[in-house]
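I have placed the structure first, in the form of structure tokens, so that the comments after it can refer back to it.
The values are calculated or read from the model by the stated rules, or taken from the named source; none is laboratory data. Just so you know, these numbers come straight off a predicted model, no measurement behind them. In this analysis, Cβ positions are derived from the backbone assuming ideal geometry, glycine residues included, and neighbour counts consider all displayed protein chains. Only protein heavy atoms, including side chains, enter the accessible area calculation; ligands, DNA and RNA are left aside. Shrake-Rupley method; radii C 1.70, N 1.55, O 1.52, S 1.80 Å.
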Amino acid sequence: MRDLMNYQSKKQDWLTRRLWKAAGTDEKVLQHCSYSDHVKYAGIGAIVIFTAILAALSAGFAFYAIFSDKRDWALENAELPKQWGVIAGAAFFAFVWGLMIYNLDRFIIAATGKGDGKEGISKEDIKSGWPRMLLALIIGVVISAPLEVKIMEKEINAAIQAEQRAKDNTSLKELNDNFYNQNRDVVDEMHRLEKLILEKDSIANMKENEATAQASGRGRIAGEGPGFRDAKTQAAAYRTERDVLREQKAKLEASEPYNSNRDRLKREQDAAKNEVFASAGLMKRIAVAHEIGGLIPYVIMLFFIILELTPVLTKMMLIKSPYDYLDENLQEIIKARQAIEIRRAFMKDENGKDVAKPEYYVPNQIIREQDNIIKAQEELSAHIVKLYLEREKAKIDANLDDYLVNPGETDKA
């Protein structure tokens, strides 16, 4: 038991001291506390740091999802080059956001206080701590949303791609139908010419094969006889007819207004596809995650909310430990050195509760000194005025006429 009288905590390593700093504690005070206090505040600090890291990852993914090219998430899943500018911006934003969440959580925990000194959370703890709890709740929801999307990325991609394909097919069908209605005669004629071109080309190939068979002597005497030449002539004639048909088709394609309508169709198709690509943004992905994820997104959100609320609730339910008393003692020492006294039960407020009044001795002393200086200055000023009046009265008594001509002037030597 005597050993405990001289108990000294061992010097903690660098990591533990950083965790204490994250928990908003005073390292010098905590060094004099027990091991349980060391573990408690190191654990709170670790939660703050891990929350900041997850917040940074969430912010970086959200930034990339908002500003990156959406085509890598759309129909084709095209392999796009690395968007280094967006990646650098996401990394910087993630760092800033993580640092902000770190400091905000640290402030919330440091400002939470020590509860009412009882194990458990009372109504008074809730009343005094609900603004901080609400802020922690909002932070938890903001952090969780982008990470929900990242965790369910494959499932979300599949759902969005299916929806995009359906939209793309519908929009393309509508555009093609409108184009056909506007150019019905030309399109029908081109389809007819395409069919004839295929027929002529097929017959020409058949005649070419027949000529080859004649030349090879399959079933007959080999050589380039009349049958060979006739097949070659017919093949050439069919190819000539095919080429004429191709020229007619090319003229139709270059005709107006078909050519202009076709260019407009291409622009409308590209615009429709870009609109489909744009439907893969962050807000859309969050909505899809909640549509297809069932309870999973809510479980993820609940996890981050609990992660944010845990340090606040923990400080509310913990009883005071040696660190709390030493910290209060240090605050009293600082106030005493600065000549500050808190008078308890000075008066009652409208609810009948005791109101504390701070007594600032040094400022009060300065005020009294300044008051005495002002009073002395006033007394000196009064004496000066009195002597001045006496002198001026003597001058008037000595020579009134001269005083009226030169009032207030002193006698010349």
Quiz item: Any residue at all in the stretch 273-284 that is within 30 Å of N176 (Cα to Cα), at pLDDT 75 or above and either of a type outside the set (S, T, Y) or open to solvent by 30 Å² or more (accessible area, probe 1.4 Å) (or both)?
Solution: yes
Quiz item: Can A339 be described as farther than 29 Å from I101 by Cα, modelled with pLDDT under 80 and open to solvent by less than 80 Å² (accessible area, probe 1.4 Å)?
Solution: no
Quiz item: Which one is modelled with the highest pLDDT, of the residues in the stretch 60-96 that are outside any helix (DSSP H, G or I), open to solvent by 50 Å² or more (accessible area, probe 1.4 Å) and not acidic (D, E)?
Solution: K82
Quiz item: Do we find that K150 is modelled with pLDDT of 75 or more, of a type in the set (K, R) and within 19 Å of the chain's Cα centre (by Cα) in this structure?
Solution: yes
Self-check item: Single residue of the stretch 150-186 satisfying the filter (in contact (Cβ under 8 Å) with a residue 24 or more places away in the chain and among the β-branched types (V, I, T)) that is surrounded by the most Cβ atoms within 10 Å (Cβ to Cβ)
Solution: I156
Practice problem: Look at V312 and say whether it is assigned to a helix (DSSP H, G or I), touching a helix residue (DSSP H, G or I) at 6+ places or on another chain (Cβ under 8 Å), on the phi < 0 side of the Ramachandran plot and at pLDDT below 80. | Solution: yes
Quiz prompt | Of all residues making up the stretch 8-32, the number that are under 19 Å from L326 (Cβ atoms), modelled with pLDDT of 85 or more and open to solvent by less than 40 Å² (accessible area, probe 1.4 Å) | solution = 9
Quiz item: So which residues in the stretch 355-407 are outside any helix (DSSP H, G or I) and open to solvent by 90 Å² or more (accessible area, probe 1.4 Å)?
Solution: Y360
